[in-house]
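What follows is a single structure, written as structure tokens, with notes after it.
The values are calculated or read from the model by the stated rules, or taken from the named source; none is laboratory data. Nothing here was measured: the structure is a model prediction, and the numbers come from that model. Ideal geometry is used to build each Cβ from the backbone, glycine not excepted, and the neighbour counts take in all protein chains shown. Side chains included, ligands, DNA and RNA excluded: accessible areas come from the protein's heavy atoms. Shrake-Rupley method; radii C 1.70, N 1.55, O 1.52, S 1.80 Å.
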Amino acid sequence: MRISALLWVLLVACSPDTQDEPPVLPQEATAVGPIHFVEVAASVGLAWHHDNGISAQRHFPETMGGGGAFFDYDGDGDPDVYAVNGGPIVAGQGSEVSANGAPVNALFHNDDGHFTKVDAGLSHPGIGMGVAAADYDLDGDLDLYLTNFGPNTLLRNDSGTFADIGAAAGVDDGRWGTSCAFADYDLDGDLDLYVANYVAYDPQASGAERIPYMADYQSHRGQAPPSYPHPDSFSGQSDLLYRNDNGEGFVDVSAAARIEAGGKGLGVVFADYDRDGWPDVYVANDAMRNSLYRNSQDGTFRETAALAGVGYGLDGQMEAGMGVDWGDYDADGFLDLTVTNFQAEPNALYNLDGTFFTAATFDAGVGLPSLPLLAFGTQFFDPDLDGDLDLFAANGHVLDNVELIDQSTSYGQRNLLLRNDGGRFADVSATAGPGFDLQRVSRGSAVGDYDMDGDPDLLVFNSGQPLSLLRNDSGHGNHWITVRLVGADGNPNGIGARVTAHSGDLVQTRELRGSRSYLSQSQLHVSLGLGHRSQLDDIEVRWPSGRIERFGPFAGGQVLILIEGEGVSAQPSP
């Protein structure tokens, strides 16, 4: 989409004549709710600044990076933080540099809610993009896979110190990697790896060969200002599926598994959306049809996005898919889907009723608040612990000088928080505390309970700016349970397990996965809000192995550790 057309599209999309039933949001959107977030990054030791390597050449990767992770690298029970840095495409000086002059990534150890930077072999000097965490080698600690503009790598955790083994493990692909995710797609007991690749961008190509986003500016107003290129200027690069061979290494099975060639992948998320016990995968592609790979249970996938109704926008158009997540927002037991998009393309919400996906973008109140914004990271989560899933989107434009052509928007933007009220969302960003007053160039986002108080906090990675840690200070008095899973047979964190929890009239369905959103990894646990209910009556876990176990009842306000085939370990709330 040409940037000069965005304002026209926005006005048409918001016109009452274009909607059969315009969303009725004003009263809901201005209502004061119990959600309250405060920015605390610098005060808790996360004083870290992303380097996007911005240059006069406007190299494409400069504006797309910014991911990271909430993950417990040392196994002490609380989530640590890993921040992925970018850097100049041409060698130069960054905010913090390695011996060869490139900005480096950073690991921060969490000690009772305060973070200290540590050197654990993770200061990788590549042009970083995204990250995923899993115990791929079954040694009891979480390893990291890192995507780059350039060779990716696998960082093996050896008791708190990491070794770069990407080449030895066969996963050092040299294309432009973006989001990535671990899952046991073939149910053989070990965790495999999906890697999305973006476009074939050559920084040595002449600027005249790269159509910029502001291409129409020159014809209307004269000389166009410097601009980043448009994804339509480049061919897509095929995604990768690596099969884990018992923790000894990985094999590229992309072609054999029927992963399509030539996508422009940015967001990746696994989920068993059809409830057949096998993980499926959804990929958000930029300016192309999105991909839904349904697991055929024989080592292959069938691409079904268009048939399922989740490949295109509301009018059948290709959109700029960025971030993705699955979540049962309407509590019917089926996982629904959200995809973030470009300015003037509403963030998509697809409702699954068990058989078909229905576009619920405007009917559920997601479309209108998201239209003026350019969104990347996203997640379903329950910040007010009332038992239903709210929706977050991290926003920021891709053009650092967008105001020159479109004064309706800005480079830095406020993030979006939509509160779920009975399956319909209300924009509560303006009343969600000072953490949502910030206007930054946000990209990746992750959820985790860094201060161990039972409610989920938000970690947001900003391009060329400090990262944001938004502490959840809602103080609503609602009850909660946090569930940590210990799986057997090659999946020690239970990635892919489905949890169904009952508390009185409240039924919650969740699936454990860390990699979602955009370029980012969330904490590997399941957070359950109970609202006013003080007890969780029972919880059913369907493990990736196929085993089904039931536990409970449990009093609220505690962390449950559920061990496949063994039982329950409960620790009181701190």
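So the values come out like this:
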| quantity | calculated |
| --- | --- |
| Scan of the range 254-280 for residues that are open to solvent by 40 Å² or more (accessible area, probe 1.4 Å) and not acidic (Asp, Glu), ordered by number | 255, 256, 258, 261, 275, 278 |
| Candidate set: the range 29-72, residues that are hydroxyl-bearing (Ser, Thr, Tyr) and out of contact with any Pro (no Cβ under 9 Å at 6 or more places or on another chain); chosen: the one most open to solvent (accessible area, probe 1.4 Å) | 30 |
| Elements of type strands (runs of 3 or more DSSP E) contained in the range 116-205, each with 2 or more residues being surrounded by fewer than 23 Cβ atoms within 10 Å (Cβ to Cβ) and not charged (D, E, K, R) | 150-158, 161-164 |
| Whichever residue in the range 400-419 is within 13 Å of residue 440 (Cα to Cα) and modelled with pLDDT under 95 and, among such residues, is surrounded by the most Cβ atoms within 10 Å (Cβ to Cβ) | 409 |
| Single residue of 285, 341 found to be assigned to a loop (DSSP other than H, G, I, E, B) and within 16 Å of the chain's Cα centre (by Cα) | 341 |
| Some residue of the range 212-231 being within 28 Å of the chain's Cα centre (by Cα), at pLDDT 90 or above, among the aromatic types (Phe, Trp, Tyr) and within 21 Å of residue 174 (Cα to Cα) | no |
| Criterion: under 20 Å from residue 556 (Cβ atoms) and either without any contact (Cβ under 8 Å) to a residue 12 or more places away in the chain or among the hydroxyl-bearing types (Ser, Thr, Tyr) (or both) - qualifying residue of 463, 474 | 474 |
| Test: residue in the range 88-111 that is at pLDDT 95 or above and open to solvent by 30 Å² or more (accessible area, probe 1.4 Å) | yes |
| Subset of the range 281-319 (residues that are surrounded by 19 or more Cβ atoms within 10 Å (Cβ to Cβ), without any contact (Cβ under 8 Å) to a residue 24 or more places away in the chain and small (Gly, Ala, Ser)) | 305, 311 |
